[in-house]
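Participant: A single structure is presented below for examination.
Derivation of every value follows stated rules applied to the coordinates shown; laboratory data play no part. Everything numeric in this text was worked out from a predicted model, so none of it was measured. When we count neighbours, we look across all protein chains shown, and the Cβ atoms used for this are built from the backbone with ideal geometry, even at glycine.
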Amino acid sequence: MTVTAPSIAAEIPEIMSAYRPLGAGSYDECIDQSGALRPAWRSMITSIDAMSPAERADRARRMDRRVRDTGIAYDIFADPSKGAQRWQLDLVPFILSSSEWRLLEQALVQRARLFDRLLADLYSTQDTMRRGLVPPELIFSDPAFLRPCETVLPSAGPLQFYAADLARGADGQWRVIDNHTETNAGIGFALANRVVHTHVAGDIFKAANGVRLSAYFQAMQSALTAHSGRDNARIALLTPGPHHEDYFSHAYLARYLGYLLVEGNDLRTKGTQVYLKTLEGLKDVDLIVRCVDGRAIDPLELDPGGFDGPAGLLRVWRKSPHLIVNAVGSAVVQNRGLGGYLPALCKDMLGEDLLLADAPRTWLGDAAGRKRILQNLDGVVIRKAQEGTGRPGQAALGHNTRALDASARAILEQDIALHGARLVAEEKIGFSTAPIFTRDGLVPRPFAVRLFVARTATGYQAMPGGLAMSVDPDRAVALTAPDGHTRDVWVLSDTEQAPHVSLWRPTVENARVQRSQRVIQSRVADDLFWLGRYCERADWTMRVVRSALRRVEEDSGPATGRRAARRCLEMLLPVDKDAKRPTPPAADDAEIERLSALLVSGKTGLRTLDRTFSGLFRVANLARDRLSHEAWQTLTKFRPGDTWASALGKAAPVATLDFLEEGLAGIAAFNGLMHENMTRNFGWSFLDMGRRLERAYNLCEAIHTLFVPATDAEDEASSLMLLLELADSFITYRSRYRLDPMLPLVLDLLLLDESNPRSLAYQLIAISSHMAGLPDNKQGSSLSEDRRLGLALLTSTRLADVAAIAQDSERELLAKLMDEHLDSLPELSNAVARHYFNLMDDVPQRVHTRVDPRP
Amino acid sequence: MIFDISHRTLFRYSAPVAQSQHVVHMSPRQVDGQTIRNHSLLIEPAPANRSSFDDAFGNPVVMIDIEMPHKELVLHARSSIETRRVPPKDLASSSAWDGLDDRKGGIDFDVVQFRCVSRMTTPSLAIADYARQSFPPEGPILQGAFDLTKRIYRDFTFDATATDISTPITEVFETRRGVCQDFAHLALASLRALRIPARYISGYILTSPPPGKSKLQGTDASHAWISVWAPETGWVDFDPTNGVVVGNAHVTIAHGRDYDDVSPISGVLIGGGEHTVTVGVDVVPTP
């Protein structure tokens, strides 16, 4: 006995020396009962063991940062400083040996085949219900069974995507704890985890001979292309939008597969056709990959409150059943109550034994089952049979029956009797454990894993990977992750791997030279336009605050400079209604600091940095699938609650200057990246138009504020300096004139000089040339309103006589010119919106008649 | 009896509707005891697309799209329908409600779906208790259903202002007020709480003018009631709003699990602003 102990210990790498399974009755994935490392885990554990503690910590930190940078999160609008639902990816993956994977793969593919057949039956002849293989009341009580979808049968079969949550019990057996047949539930998270993990630990993955995911996604992609019936198909991934918890997953998958990410409002139906609303008008859609709940997909025939799809989509689908995957209504077979009926169904429909069983559950609509459970309610968990969410880690908790007092228990019993058809009772199962990486080394944690299946040209295929999450085993038999702790899932290969092909770069056979515009949804054009405006607004406001604080800091500067700066601060803030406050002297330092603080973090006014950053971050998110990873990176510091943004809000005036420099550098980096990297398509036009419009407006406003009415020479000199500084044209001016700033020269440089990228004329020319390149959907030969306004502004600027303007001591000419622009530029912005962004298509509304007779 | 029925619905919008799509359940279905002699459905402005099919419950559906801007929409259904309903004489001889599961031969497959609760007919424990008072152990289904119908008629007040389309039945049950569709939903929730098959009927009812007055145009109404299944008789209709077994004064248009399945007109509009609806129904018995 004592002889063998040291030899086993010798095999155990040091990092595992303190690793102990949780209890005698539990199963650990990494070490067996004797305490020896399981073979599949050896390579990975050895690699990690070989690293120094510092390197391990460093890799974990890099992983963490990469997760944050990639933006993997449930809720992208959540404040990242509140870490409750932060997505965490462990350095230590979960590992499946090739032999184990083969069994799981076979079992999952069998289930996908079974669910596909069952769906086809439930939505056509309902033979399984008629013959009692499935209790009809289970199906008919399920709100996910969509009656209007009966008789719509895609020839390829209703189920394109399937996912299953699995857990291994103490007996070492895998069980399915939940099925997902509604959508491709959370696959984008799994993909992003792999991309991040490979970035930090690709060497370990390679050494362990892990199977790559790209072949799976290629097969999925070609199956979808084939399914659409067109080589050059326009495939859209339909998402509920950025407010949805899984939006990241949808957006990531759409980008990876190169599909359009669309929302319900981007689509509209006409008769039996569905179209995408684009800048160039309505475009055909060949295939919709559905990432929204089936019953929310058509407010006309399905859930009246569901606007996640366009009204009338079901009618289009009836005519073209291949158009939507998964088929609408596919969620019904994920009903938890079906688990007990699957073995018989499998035997009957496929003629095979079910390879992998569900965790033991009882459907409470069944009289005998209900009776059995009610007699022995202790220790079971009562849960909804149909949950509807596919969000990994967020399965709802059940009613734990153990903690109930007598009256609560009586109510639960009545509830079960009344609503049994929509409930299941589940017995607790054990969850096996696998190591996670902590500061104290590796420790075992119970977990569950989600695996994915898709239909391909050669039948269903399982993705050789997945998403493992730590679970709280006491709360439900489901993938409920209390802390958002995830692990990549590696499937090891016993053969040599084919060379790596990533879908980020299409293979030569697939790639076609295509210089035409990739279609752009009207909504995305709108988002990019506002992204441009917010970026410029952030830049300008930061410049104004920086100039003002600099003048306070430079004690020796003239009071006139501080006066000018103060006027610019006030111009960006709403009028102070608190008249009781005594008016401080015009050059008062404290007042300038107070106004600066208001402009940085104040809650009133549309142009405070606080408001601007949150607007900027919101639209950047909406347009995220059009931004490069690097461009996105530069904007993340503006995320509300980010360390930079919150530090800026709290900083003392002197420190504020440093933060502003950093912020300005961020905007400059973003602009530079977009300028260098963004294809000059319509999307670019809208982004740049937004920026130019905002810049033109801000410039006119500052000129008006500083020079109308006229001031004395000293004030004017300070105002000219400030204006050149704000418009970033001081160097240009100096190199050209080598004189102190003079009004006619400065006005010429900033209003008329068409070669100065900061001048008004330059902005207006850029806007006009963008508009000239955009598709013009308006009929007739007259100019559209936006083009007319753009031309009028440019003409009036070009005709301006700066010498006369500068000589006019009343400043009437300057006021007139600036007023004209300050009135027309917002109109131009509205005209662009009306022309291109489908504002006329406001939110659809629903009407119905009520049966309302007199008695 | 033979009825000439006119059902005209007028929508008026405060702003032009750019596009509208509607699902219409205004065409009568074939049911036992009722013959459709004639039917037409006129729609103005003329739809760009119009299609007809039968829904999952066998009701005729018309779907329409209007693509031209409009500020008014008229749907006018005219039907000539003969009713020859013979309600069962002896409600007490129907099967026991609590014996359905043990019945030899089970329940017809097409009936089972109507035992299940739907979005608008989900009972609360209180509603289940209310229902049980009409169904003592081994009580006959139809007798219990009639008793429940009469109790709802007695216990509840018709009040067109108390509820709207989104009022849940639990609230109707608490306030004891509502309209015919609320009472139908309440009766269905009660019956389904006991797993008794029951369905929602949408149709028309002939109303009599007050004594001494002549009947005014457009004063009849679209109406809603329920139908209950018993093995011996099949479906038998009850009207909880009027507390009666349905005879020949009711004309069926469609049936389903609840209002959602058979709403006369439901639509999705783009534009339109505020809207008003005017409904005029005439049910005229012909000699």
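Participant: What list do you get for B:25, A:835 if you sort them by fewest beta carbons within 10 Å?
Facilitator: A:835, B:25
Participant: Average the reciprocal distances over every distinct pair of alpha-carbons in segment B:87-237, invert the result, and give the Kirkwood radius in Å.
Facilitator: 16.3 Å
Participant: Turning to a different aspect of this structure: Against the 2.2 N^0.38 Å scaling, with N counting residues, where does segment A:648-760 land? I'd like the Cα-based Rg ratio to two decimal places.
Facilitator: Relative to the rule-of-thumb radius for its length, segment A:648-760 sits at 1.25.
Participant: Sticking with this structure for a sec: Roughly how tilted is helix A:39-50, in degrees to the nearest 10 and between 0 and 90, from the longest Cα axis of chain A?
Facilitator: 40 degrees
Participant: Give the average, rounded to an integer, of partner chain Cβ atoms located within 10 angstrom of each Cβ in B:269-277.
Facilitator: Mean shielding by partner chains, rounded to a whole number: 4.
Participant: Give the shape of segment A:175-244 as rounded, prolate or oblate, defined through the alpha-carbon gyration tensor: a ≥ b ≥ c are the square roots of its eigenvalues, a/c under 1.5 means rounded, and otherwise the shape is prolate if a/b is larger than b/c and oblate if not.
Facilitator: Judged from the Cα gyration tensor, segment A:175-244 comes out prolate (a/c at least 1.5, a/b above b/c).
Participant: Using a ≥ b ≥ c from the Cα gyration tensor of the protein assembly as shown (square roots of the eigenvalues), is it rounded, prolate or oblate, where a/c under 1.5 gives rounded and otherwise the larger of a/b and b/c decides, a/b for prolate?
Facilitator: oblate
Participant: How would B:204, A:275, A:162, A:216 line up from fewest to most surrounding beta-carbon atoms within 10 angstrom?
Facilitator: Ranked by crowding around the Cβ, least crowded first: A:275, A:216, B:204, A:162.
Participant: Averaged over its residues, how many other protein chain Cβ atoms are within 10 Å of peptide B:199-206's Cβ atoms?
Facilitator: Counting Cβ atoms of other protein chains within 10 Å of each residue's Cβ and averaging gives 1.
Participant: Another question, then. Determine, from the Cβ-Cβ distance of residue A:494 and residue A:42 and an R0 of 22 Å, the FRET efficiency 1/(1 + (r/R0)^6), rounded to the nearest 0.05.
Facilitator: 0.95
Participant: Which value in deg cm²/dmol, rounded to the nearest 500, describes the helix-derived mean residue ellipticity at 222 nm for chain B, given -39,500 (n - 2.57) per DSSP H run of n ≥ 4 and division by the residue count?
Facilitator: After summing the helix terms and dividing by the residues of chain B, the value is -5000 deg cm²/dmol.
Participant: Averaged across the residues of B:107-117, what count of C-beta atoms belonging to other chains lies within 10 Å of each residue's C-beta?
Facilitator: The shielding value for this peptide is 5.
Participant: When ranked by the protection proxy of mean other Cβ atoms within 10 Å per residue, highest first, what sequence do the peptides A:802-811, A:251-260 form?
Facilitator: Result, highest mean first: A:251-260, A:802-811.
Participant: HN-Hα J couplings of segment B:138-144 from phi, Karplus 6.51/-1.76/1.60, θ = phi - 60°, integer Hz, Gly and Pro as x?
Facilitator: So the Karplus estimates, Gly and Pro as x, are 6, x, x, 4, 6, 5, x Hz.
Participant: What does the charge count near residue A:536 come to, summing +1 for each Lys or Arg and -1 for each Asp or Glu among other residues with Cβ under 9 Å from its Cβ?
Facilitator: Once positives and negatives cancel, what remains is +3.
Participant: At 20 °C and a viscosity of 1.002 mPa s, what translational diffusion coefficient does Stokes-Einstein give for segment B:1-131, taking Rh as the Kirkwood radius over Cα pairs? Give it in µm²/s as a whole number.
Facilitator: In µm²/s, the coefficient rounds to 113.
Participant: OK, next. Once you place label points 7 Å from the Cα toward the Cβ at residue A:20 and residue B:92, how far apart are they in nm?
Facilitator: Modelled inter-label distance: 7.6 nm.
Participant: Just add up the charged neighbours of residue A:812: K/R +1, D/E -1, any other residue whose Cβ is under 15 Å from the Cβ of residue A:812.
Facilitator: -3
Participant: Among the trypsin sites (Lys or Arg not before Pro) within segment B:90-196, which fall in a DSSP loop and have no more than 16 other Cβ atoms within 10 Å of their own Cβ?
Facilitator: Passing sites in segment B:90-196 are B:103, B:104, B:176.
Participant: I would also like to ask the following. How are the C-alpha pair distances of chain B spread across 5 Å bins, as whole percents from the shortest bin up?
Facilitator: 1, 5, 12, 15, 17, 16, 14, 9, 6, 3, 1, 0, 0
Participant: If the elastic network links every pair of Cα atoms under 10 Å, which of B:22, B:275, B:39 fluctuates the most in the Gaussian network model of chain B?
Facilitator: Comparing B:22, B:275, B:39 in a Gaussian network model of chain B, the most mobile one is B:275.
Participant: In addition: Which entries of A:277/A:319; A:283/A:319; A:371/B:104; A:371/B:89; B:89/B:150; A:277/B:71 show an alpha-carbon separation above 26 angstrom in the structure shown?
Facilitator: A:371/B:89
Participant: Can you give the Rg/Rh ratio of segment B:132-205, where Rg is from the C-alpha atoms and Rh is the Kirkwood radius?
Facilitator: Here Rg/Rh amounts to 0.97.
Participant: Taking the Cβ of residue B:92 as the center, what net charge do the other residues with Cβ under 15 Å away carry, scoring Lys and Arg +1 and Asp and Glu -1?
Facilitator: Here the charged neighbours net out to -2.
Participant: Sort A:20, A:318 by Cβ crowding within 10 Å, fewest neighbours at the top.
Facilitator: With the fewest neighbours first, A:20, A:318 line up as A:20, A:318.
Participant: Just from its helices, what would the mean residue ellipticity at 222 nm be for chain A, if runs of 4 or more DSSP H residues each count -39500 (n - 2.57) and the sum is divided by every residue, rounded to the nearest 500 deg cm²/dmol?
Facilitator: When only DSSP H runs of four or more count, the value is -14500 deg cm²/dmol.
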